[in-house]
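To start, the structure itself, in structure tokens.
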Amino acid sequence: MKKNRSLFHLVFIFVLAQLAWFLVVGLWIYRYVISNIIFKQVGENLSPQLISKQSNILALVGGLILMVSVSVAMAIIFRHLTIHLKLTLLYDSFIANVTHELKSPLSSIQLYIETLKSRNVPHAKKQKFLALMMKDTERLRKLIDTILDISGLEQKKFVHNFQIVTAGPTIHQFMEDAAAQFKLPDESIIISGEAACPCVIDRNAMRIVFDNLIDNAIKYSMRSPEIGLKLSCTSKHVLIEFKDHGIGISPKDQKKIFHKFYRIYRRDIPNVKGAGLGLTWVREIIKAHGGKINVRSEGQGKGTVFFIELPIYQSTKKRYINSLLKSTQKFQGVKDEPE
């Protein structure tokens with residue numbers, strides 16, 4: 001709250017400074033115009049030494065250049081300052097979210113260790129404690145891996161294994177694997193349409209995309225999840241519509257859900273654990289594939305639709321897609337280029 005106020009104060013000061021500069025320039029121009037009018041009216045009665053139109057013009061032009069330069073410099077400084085403040089806010093959000101997500105499992109692990117150390121715990125209960133500790137440890141590992149992977153994707157340091165695949169069957173396999181992983185009944189996922197077109201993907205990375213979307217559909221559903229997947233191809237793109245029947249997303253949240261650490265907080269939604277990195281990860285993976293992802297929801301309680309668009313191999317973004325394949329071949333030590 002204090003930082004929002006300080007940002008408001010900076011904006012207010014900047015606007016006042018700009019108004020002051022424009023006021024000075026306006027007074028300068030006004031004085032120049034009035035002086036010219038006076039000189040035209042009484043100039044013939046004045047001594048020639050008192051009249052110097054050239055010096056007046058030079059002073060006006062020089063002053064205007066100075067004022068514009070100062071205004072531009074102030075605008076640049078203000079822009080960099082606002083960027084710095086946004087980065088600071090993002091950093092604070094990162095610290096707050098990650099600290100919270102790390103503290104919860106760590107506290108749980110510490111409690112179990114202290115219990116095992118101070119008490120004579122029966123064997124069955126000890127095994128249960130160890131299983132819970134392993135679960136919390138895995139949660140910590142996933143959080144750390146997610147942060148590192150997102151950082152690698154953003155800095156283009158993430159190592160991919162891109163392959164040419166047929167979109168439809170590959171996506172079907174992703175959904176089947178995710179359904180088995182999350183123990184979803186067959187009727188909870190309905191896939192329609194075909195996408196018998198080639199595209200270039202990293203299977204492991206794209207599997208993360210569908211795992212995260214299904215995980216969100218489960219977390220943000222008040223009942224048993226219902227997921228619909230619609231596949232199609234245009235002349236240049238593979239189109240994927242991922243629809244759930246969950247709590248929906250308000251228009252203001254739709255613009256922010258792909259931001260790092262952004263979480264939707266509403267009284268009527270379940271208490272969902274997480275660091276707010278899943279959809280950021282999804283977006284970065286789709287971008288790395290040369291694709292796009294958008295979201296649409298008609299409002300609260302009306303579900304959410306994610307629209308994913310991936311380029312078809314050799315139909316669009318040829319240079320970019322070929323560079324993805326070449327980077328994979330270089331990593332694997334393969335010299336032959338794709339046909």
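The values are calculated or read from the model by the stated rules, or taken from the named source; none is laboratory data. Keep in mind that this is a model prediction, so the values were computed, not measured. All Cβ positions, even for glycine, are placed from backbone atoms using ideal geometry, and neighbour counts span all protein chains on display.
The residues of the range 188-202 that are closer than 24 Å to SER327 by Cβ and at pLDDT 90 or above, listed by number, are CYS197, PRO198, CYS199, VAL200, ILE201. Scanning the range 225-252 for residues that are in a loop (DSSP other than H, G, I, E, B) and surrounded by fewer than 16 Cβ atoms within 10 Å (Cβ to Cβ) yields THR234, SER235, LYS236, SER250. Of all residues being surrounded by 13 or more Cβ atoms within 10 Å (Cβ to Cβ) and not basic (Lys, Arg) in the range 118-143, which is farthest from LEU102 (Cα to Cα)? Just the residue, please. The extreme case among them is VAL121. Select from the range 305-339 the residues that are on the phi > 0 side of the Ramachandran plot and at pLDDT below 80 and list them in ascending order. Result: GLY333, single match. Please verify whether the range 90-105 includes one or more residues that are part of a helix (DSSP H, G or I), at pLDDT 75 or above and touching a Ser or Thr at 6+ places or on another chain (Cβ under 8 Å). Yes, because at least one residue in the range 90-105 is part of a helix (DSSP H, G or I), at pLDDT 75 or above and touching a Ser or Thr at 6+ places or on another chain (Cβ under 8 Å). Against the numbered list (1) closer than 15 Å to ALA205 by Cα; (2) modelled with pLDDT under 85, LYS302 comes up short only at (1).
ASP177 meets all of the listed conditions (1) of a type in the set (Asp, Glu); (2) touching a Gly at 6+ places or on another chain (Cβ under 8 Å); (3) surrounded by fewer than 15 Cβ atoms within 10 Å (Cβ to Cβ) but one, namely (2). Is it the case, given these coordinates, that LYS128 is more than 16 Å from TRP281 (Cα to Cα), in a helix (DSSP H, G or I) and at pLDDT 70 or above? So LYS128 fits the description; yes. Number of residues in the range 257-299 that are among the hydrophobic types (A, V, I, L, M, F, W, C), in a loop (DSSP other than H, G, I, E, B) and either modelled with pLDDT of 75 or more or touching a helix residue (DSSP H, G or I) at 6+ places or on another chain (Cβ under 7 Å) (or both): the value is 7.
Whenever a residue of the range 120-149 is among the acidic types (Asp, Glu), its partners that are surrounded by 11 or more Cβ atoms within 10 Å (Cβ to Cβ), lying with C-beta atoms within less than 6 angstrom and at least six residues away or across chains, give the pairs ASP136/PRO105; ASP136/SER108; ASP136/ILE109.
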